[in-house]
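The values are calculated or read from the model by the stated rules, or taken from the named source; none is laboratory data. Everything quoted here is computed from the prediction, not taken from an experiment. As a convention, Cβ positions derive from the backbone with ideal geometry for all residues, glycine included, and neighbour counts pool all protein chains shown.
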Amino acid sequence: MPRSRRGRSAAFPAVCLLCGALLCGATRLAAMATSVRLADGAAAVLDDKLDMYLVAAPERGEGWLAYVDKYCGTTSVAAAVQEANDGRRLLRGVEYRIPFAYLRPERQLEVTLALFAADRGVAEGWQHHVVAHRSEKNESLWRVAEWFTGRGGNYQALREANGLADEHLEPGQVVLIPARLLRPALRQVLPEGSAYALRYGEDAEGEYAVYRLKPGEALYSSVAARFAGLVFAEDVNALAAEIAARSGIGDVTDIPVGYEVKIPLAVLLPEYLPAGHPARRQYEESLLASGRYSNPVEARRLQGVTVILDAGHGGRDVGASFQGVWESVHVYDIVLRIRELLEETTAAGVHMTTDDGNGSSPPDLDRLPYNREHRVLTTPVYPIEDSSTGVNLRWYLTNSLFRRAVAKSGDSGKVVFVSVHADSLHPSLRGAMAYVPGALYRGGSYGKSGAVYAQRREVREQPSVSFARSELERSEGLSRQLAQEFIDAFTVAGLEVHPDKPVRNRVVRSRRQAWVPAVLRYSEVPAQLMLEVCNLNNAEDRGLIQTRRFRQQVAQAVVQGILSYYGSAERPAPLAP
């Protein structure tokens, strides 16, 4: 699918939409732009390149920060909005462009409804009616995905959801955007029958959200996991029991279809809180801030790119373990396969943070032998006896490898870090998830002391780390992009992906306890993620990871994700039978 995800669209000049005259020295408004004047005098615009944005004039005495905050809900994107207007001074009576992605959610909804008046929310999601535009450009599935989901890369999911043979769209065609993929702003108008529609109320126990159960849905996977973001079995079960008690449900296995369940507001993920809620506002501002960043680096065959691979757990720490299946040995096998593919099919430089003393090739086996000999490859190496020490030495090693790679290439964007794990979640959940470092959950300075650390060269090189806010926001933005490429690659390969929010910016436990895993939190690599390839507590996933075919498929999807992140069309070697 052709796309242009590199760089920004050309800046659109400040214009007066009432008369169509340019106000900054040019001669005419983009001839094919569609504009709809809104109630407050601003206008929704779809230009000849099919870019959506809002144009509005500042009030008397309003500077860039106040102007941007009014329409975007944050000042963190002020520089990006100025850039979209060629850095012009803010003048009263002149209308300036605010890119759609930076608008407040309520403004995004307003602009979308103004420009696509025939569209509507339905129980399954959003129905978009393809229109004939004044320009010669036709809508593409990539553009529709970009408008309504925030990611053009979701075009593949839209094609599958609509049973389309290709990406071609015709005027009058109706495209369904599934509710799970919709921008949070657009979910607000979904009817009550939607799987993502909530109402809000308050009783003697406090504020809550109301959700009507659909056929086949359970409190576990369809409520606790979806709306609260919980995935660990004890957390999901505890919240399901709490919701059942508050909703007057005696038997959680026999709940009538359409039954209204009450979800405590305090446990909702921020995107499901009422519009304007402080926590939701903070979340939206954080997304805007990190969303300013995208990977500008292209590298054919990953030339000049360094990939740092980390296999979770190891040594005395076997990680998740179910029915004799150890997380540590299986994810280590996957990492070996990733390295082998990268070294044989790309030009990337590859480093691993651990080894198990048994060589560098993955064994030609389905069931893998137990091994507790993993060690962190610091100088000197550290046999993993204590899991916390092992984790800390991994990020020290990663940072050392990162600094060396940047010194060689001169570009921090040419390094990625991938930590591979297998989850231990509620047994009803399946598929891959990717964790990225949320800027809101990092900060401060961190370092370790003690003899075991002082002995390692990598610790002595730089004993502590700290980050500027802009560094954290950039890291979250780049990491999200990398993670989405991984999820797309998994989807294309037919591998199971977690159905709700497969890319997450922190681990959520219990009632709003959240954190970024240490290997990401203290890593200096801007583009990084922790990949959970499957759920060992699910029988199907557990069976799959015990096959070399699945582990090879995962390795290929990872390599494809990295290739796509760097704009490369190459694909890894075909899967062996």
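Tabulated values for the structure
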{"quantity": "Listing of helices (runs of 4 or more DSSP H) fully contained in the range 230-348 that carry 3 or more residues being out of contact with any Lys or Arg (no Cβ under 7 Å at 6 or more places or on another chain) and assigned by TED's automatic domain parsing to the domain that holds S400", "calculated": "327-345"}
{"quantity": "Where a residue in the range 332-356 is within 20 Å of L397 (Cα to Cα) and its partner, wherever it lies, is surrounded by fewer than 19 Cβ atoms within 10 Å (Cβ to Cβ) and among the hydroxyl-bearing types (S, T, Y), with Cβ under 7 Å and at least six apart", "calculated": "L336/S360; L336/S361"}
{"quantity": "Options T379, T398: the member that is out of contact with any Asp or Glu (no Cβ under 6 Å at 6 or more places or on another chain) and within 29 Å of F232 (Cα to Cα)", "calculated": "T398"}
{"quantity": "Residue in the range 482-505 that is surrounded by the fewest Cβ atoms within 10 Å (Cβ to Cβ), counting only those that are assigned to a loop (DSSP other than H, G, I, E, B) and over 11 Å from the mean Cα position of the chain (by Cα)", "calculated": "G494"}
{"quantity": "Output for the range 288-338, where each listed residue is of a type in the set (D, E), surrounded by 18 or more Cβ atoms within 10 Å (Cβ to Cβ) and more than 15 Å from G349 (Cα to Cα)", "calculated": "D317, E327, D333"}
{"quantity": "Number of positions in the range 379-429 that are aromatic (F, W, Y) and surrounded by fewer than 16 Cβ atoms within 10 Å (Cβ to Cβ)", "calculated": "0"}
{"quantity": "For V175: the one exception among (1) assigned to a strand (DSSP E or B); (2) under 24 Å from T253 (Cβ atoms); (3) of a type in the set (V, I, T)", "calculated": "(2)"}
{"quantity": "Search result, residues across the range 170-185 that are at pLDDT 90 or above and over 9 Å from G125 (Cβ atoms)", "calculated": "E170, P171, G172, Q173, V174, V175, R183"}
{"quantity": "Within the range 521-544, tally of residues that are surrounded by 22 or more Cβ atoms within 10 Å (Cβ to Cβ) and part of a helix (DSSP H, G or I)", "calculated": "1"}
{"quantity": "Residue count, the range 198-225 (criterion: farther than 16 Å from R280 by Cα, in contact with a helix residue (DSSP H, G or I) (Cβ under 9 Å, 6 or more places away or on another chain) and buried (at least 18 other Cβ atoms within 10 Å of the Cβ))", "calculated": "9"}
{"quantity": "Search result, residues across the range 212-229 that are part of a helix (DSSP H, G or I) and either of a type in the set (G, A, S) or under 19 Å from R187 (Cα atoms) (or both)", "calculated": "S221, S222, V223, A224, A225, R226, F227, A228"}
{"quantity": "Candidate set from the range 270-287 (those that are among the aliphatic types (A, V, I, L, M) and at pLDDT 90 or above); member that is surrounded by the fewest Cβ atoms within 10 Å (Cβ to Cβ)", "calculated": "A279"}
{"quantity": "Matching option when the condition is farther than 30 Å from R104 by Cβ, touching a helix residue (DSSP H, G or I) at 6+ places or on another chain (Cβ under 8 Å) and buried (at least 21 other Cβ atoms within 10 Å of the Cβ), among V252, V267, V236", "calculated": "V236"}
{"quantity": "Candidate set: the range 17-65, residues that are among the acidic types (D, E) and at pLDDT 90 or above; chosen: the one surrounded by the fewest Cβ atoms within 10 Å (Cβ to Cβ)", "calculated": "D40"}
{"quantity": "Criterion: touching a helix residue (DSSP H, G or I) at 6+ places or on another chain (Cβ under 8 Å) and under 19 Å from A320 (Cα atoms) - qualifying residue of S424, S412", "calculated": "S424"}
{"quantity": "Selection from the range 125-170 of residues that are of a type in the set (D, E) and over 22 Å from the mean Cα position of the chain (by Cα)", "calculated": "E136, E139, D166, E167, E170"}
{"quantity": "Which numbered condition R460 misses (of (1) in contact (Cβ under 8 Å) with a residue 12 or more places away in the chain; (2) at negative phi)", "calculated": "(1)"}
{"quantity": "Qualifying residue in the range 252-262 (condition: closer than 30 Å to G410 by Cα, at pLDDT 90 or above and of a type in the set (D, E))", "calculated": "no"}
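For every residue, the table says whether it meets (1) over 29 Å from H133 (Cα atoms); (2) among the charged types (D, E, K, R).
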site	(1), (2)
W64	yes, no
A80	no, no
R89	yes, yes
R97	no, yes
Y102	no, no
A114	no, no
